[in-house]
Amino acid sequence: MNKRVVLASYPEGWVTESNFRLETAPIPKPGEGEVLVKNLWLSLDPYMRGRMSQQKSYVKGVEIGEVMTGETAGEVVESKHPKFKPGDKVTAPSGWQLHWCGKGEMLTKVDASKAPLSYFLGCLGMPGRTAYFGTKDICQPKPGETVVVSAASGAVGSVVGQLAKAWGCRAVGIAGGKAKCDYVVKELGFDACIDYKAGNLYDNLKAACPKGVDCLFENVGGEILDTTLRLMNVRGRITICGLISDYNAKEPYGLKNFRSILVNRLTVRGMIVFDWVERYPEANRDLLELVIGGKLKYRESVVQGIENAPKGLIGLLKGDNFGKQLVKLT
Ligand code: NDP
């Protein structure tokens, strides 16, 4: 039997476990052109909070009773598609379930001999590509410039800072707590990391960015974005990648330092990674090269079992994860 998690109700404010329901159903049989995949890993991502809502967004939300949306990494068990055979490792738009069956065209084959399979959901997958294009194309950092990134120990942020270092910049992270900040500096090689939970964010960030901030890769929004706006240099660039501090808020944070965009002639651009789909091979190639060369370090936070996926998502939204959040399905 297939096990899956469906959306039971829309949350108001914070997500709770009662918003989900675990179900079983027969494992589907592949038809012509279809592939059956056994999922080994499920990626949990902050965007899932947005899908648990009927608010207008860049993609339609999950309906009540539908399988929760999500990407998985797994193995082909049966194939009626010429490009796939049993044993192939793939990523799939499965949602929160143990098996997925659908058109072969929706699968991406990955080479798990080069890196662990789970990495293709993280630094070599969607979060890695988000970091790559948001930094390269929007922040456009030049050697010697200062790049600040929030949620710096996470799936996207950790890659942003390491790319900034690889491209000759000063990388400054912002993260919650000493353990995460120590990791960002000592393990990932950022120049500095500010613990926003310790208070004095403005003074501490200013001290860590003596030449001001040229690029901000924003994952959090709210007070962190507002504070960093005050430190931006003339003609600075800001990538608005995520606003996680607002995802469970009933009222969005109101920015006070909008004026910085005007006086500093900033470029501020929102991004959705799908807009770069034609260039995914470029990011996949460059990120894999960095991982193989030991220049891109990466950490995972793993919960065990599909039944614990709701707990994992709630923890991710609260910052309990330390690195890319995954569910190990077997
Ligand atoms: P992370 O691995 O960074 O995990 C989320 C982190 O956000 C938590 O660990 C926590 O870190 C931080 N966080 C949560 N709540 C708050 C808060 N109130 N204030 C400050 N920090 C908070 O997740 P991802 O790397 O997967 O995603 C990072 C961001 O990128 C998200 O906003 C996500 O929506 C966005 N994203 C956008 C994409 C796009 O195409 N635009 C694609 C992929 C991701 P800490 O403990 O340090 O506070």
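The values are calculated or read from the model by the stated rules, or taken from the named source; none is laboratory data. Please read all numbers here as calculations on a predicted model, not as lab measurements. Every residue, glycine as well, gets a Cβ built from its backbone with ideal geometry; the counts of neighbours run over all protein chains shown.
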Which condition does residue 304 not pass, out of (1) farther than 22 Å from residue 134 by Cα; (2) away from the ligand (no atom under 16 Å from the Cβ); (3) in contact with a helix residue (DSSP H, G or I) (Cβ under 7 Å, 6 or more places away or on another chain), if it passes all the others?
(3)
Filter segment 286-299 down to the residues that are touching a strand residue (DSSP E or B) at 6+ places or on another chain (Cβ under 8 Å) and more than 10 Å from the ligand (Cβ to nearest atom) and list them by number.
298
Reported set for segment 314-330 where residues are touching a strand residue (DSSP E or B) at 6+ places or on another chain (Cβ under 8 Å) and more than 10 Å from the ligand (Cβ to nearest atom) is 326, 327, 328, 329, 330
Test each condition in (1) closer than 25 Å to residue 119 by Cα; (2) of a type in the set (D, E, K, R); (3) in contact (Cβ under 8 Å) with a residue 24 or more places away in the chain for residue 170 and report the one that comes out false.
(1)
Result of the Cβ filter at 8 Å on segment 229-250, keeping first residues that are assigned by TED's automatic domain parsing to the domain that holds residue 206 and of a type in the set (D, E, K, R) and partners that are within 9 Å of the ligand (Cβ to nearest atom) and not in a strand (DSSP E or B), at least 6 apart or interchain, is 246/221; 246/222
Check segment 39-61 and report whether any residue there is part of a strand (DSSP E or B) and more than 18 Å from residue 310 (Cβ to Cβ).
yes
